[in-house]
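Here's the structure, in structure tokens; my notes come after.
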Amino acid sequence: MSELHWKTAITKIEPNKIFLRGYPLHELMGRITFSQAIYLALKGELPSEKVGKLIDAILVSSIDHGATPPSVLTARTVVSTGADLNSAVSAGILAISKYHGGAIEEAMGVFEDALKRMGEKGLSEEEVVSEIIKEKKEKGERISGFGHRIHTKDPRTQKLFSLAKELGFSGKYVSIAKAFEKGLEKVLGKTLPINVDGAIAALLCELGIPKELGNSFFIMARVPGLIAHIYEEKTRMKPMRKIHPTDHEYDGPEERKL
């Protein structure tokens, strides 16, 4: 066997056969949702319909957030130069980092640390949360997943937590996230509500998703939104225009109900 030989446990390809984590791909088609397939690819096992429904909601929650985020401005700027779709999408994705889309992984780490300390030290949820907040404050570090530049009560957070409770996934991590919300207000003297990143972080922890994959859910969710902005820029705007980051207005459909 060659010294260059290596192994993968994700996909097996043979003539006329495609297996994803051992399942024939054509048999999965039409029987599971895309979100369930994502879970299967990442975790190696088929999830329940409830898990798929929760992941669906997580992905929908972050599909787009207007024209001002750095990833959107970057993608629009790149396609404005005449670049191809894949280049513009790649540019938008590359703009997702620590301060834009990176909060999910960081928040997951904090929530996991809190639960670990509770078990190791025998402290209450409130005590551990207070301890971590004070440590972060002394170091001049912020806790990701709380507060928002626009929303004082993120409607996406409320919906995700409500759905998680309905589906049976509102457990210890959701409780810890809510404890941090209360603890931050107590220590800092101001309200920093759980934003969508914090809510997603708590729910991914509940689903047993490794924190190293946390930001991937933001990336997967945001790609369709980026493509919509790229297509609009390419078909509606003049090439090489000066793109103002905030001086724009919405002229799409009026508010609609399902």
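Here are the numbers for this structure:
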read-out	value
Check on Glu233, in the same structural domain as Ala75 (by TED's automatic domain parsing), crowded, with 19+ Cβ neighbours inside 10 Å, farther than 24 Å from Ser124 by Cβ and out of contact with any His (no Cβ under 8 Å at 6 or more places or on another chain)	yes
Filter pass, Ala107 being at pLDDT 95 or above, among the small types (Gly, Ala, Ser) and within 30 Å of Val128 (Cα to Cα)	yes
Filter result for the condition that a residue is over 15 Å from the mean Cα position of the chain (by Cα) and not assigned by TED's automatic domain parsing to the domain that holds Phe217, over Ala75, Ala83, Ala41	Ala41
Selection from segment 68-111 of residues that are within 24 Å of Pro210 (Cβ to Cβ), among the hydrophobic types (A, V, I, L, M, F, W, C), buried (at least 21 other Cβ atoms within 10 Å of the Cβ) and touching a helix residue (DSSP H, G or I) at 6+ places or on another chain (Cβ under 6 Å)	Ala103, Ile104, Ala107, Met108, Phe111
Helices (runs of 4 or more DSSP H) contained in segment 1-110 and holding at least 1 residues within 27 Å of Leu207 (Cβ to Cβ) and touching a strand residue (DSSP E or B) at 6+ places or on another chain (Cβ under 7 Å)	25-28, 34-43, 70-80
Residue check for Ile209: surrounded by 13 or more Cβ atoms within 10 Å (Cβ to Cβ), assigned to a helix (DSSP H, G or I), among the hydrophobic types (A, V, I, L, M, F, W, C) and touching a residue at least 60 places away in the same chain (Cβ under 8 Å)	no
Top-ranked residue of segment 110-150 - restricted to ones that are of a type in the set (A, V, I, L, M, F, W, C) and more than 18 Å from Ala199 (Cβ to Cβ), ranked as modelled with the lowest pLDDT	Leu123
Matching residues, segment 177-194, being under 23 Å from Gly101 (Cβ atoms) and either buried (at least 23 other Cβ atoms within 10 Å of the Cβ) or of a type in the set (Gly, Ala, Ser) (or both)	Ala177, Phe180, Leu184, Ile194
Any pair with Cβ under 9 angstrom, 6 or more apart, that starts in segment 237-258 at a residue that is closer than 13 Å to Thr77 by Cβ and ends at one that is at pLDDT 95 or above and basic (Lys, Arg)	Met237/Arg76; Ile243/Arg76
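Residue-by-condition table, conditions (1) assigned by TED's automatic domain parsing to the domain that holds Ala91; (2) aliphatic (A, V, I, L, M):
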position: Gly183; (1), (2): yes, no
position: Lys190; (1), (2): yes, no
position: Ala201; (1), (2): yes, yes
position: Glu212; (1), (2): yes, no
position: Ala221; (1), (2): yes, yes
position: His229; (1), (2): yes, no
position: Arg256; (1), (2): no, no
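The values are calculated or read from the model by the stated rules, or taken from the named source; none is laboratory data. This one's a predicted model, so the numbers in the text were calculated from it and none came from an experiment. So basically every Cβ, Gly included, is an ideal-geometry build from the backbone, and we count neighbours across all protein chains shown.
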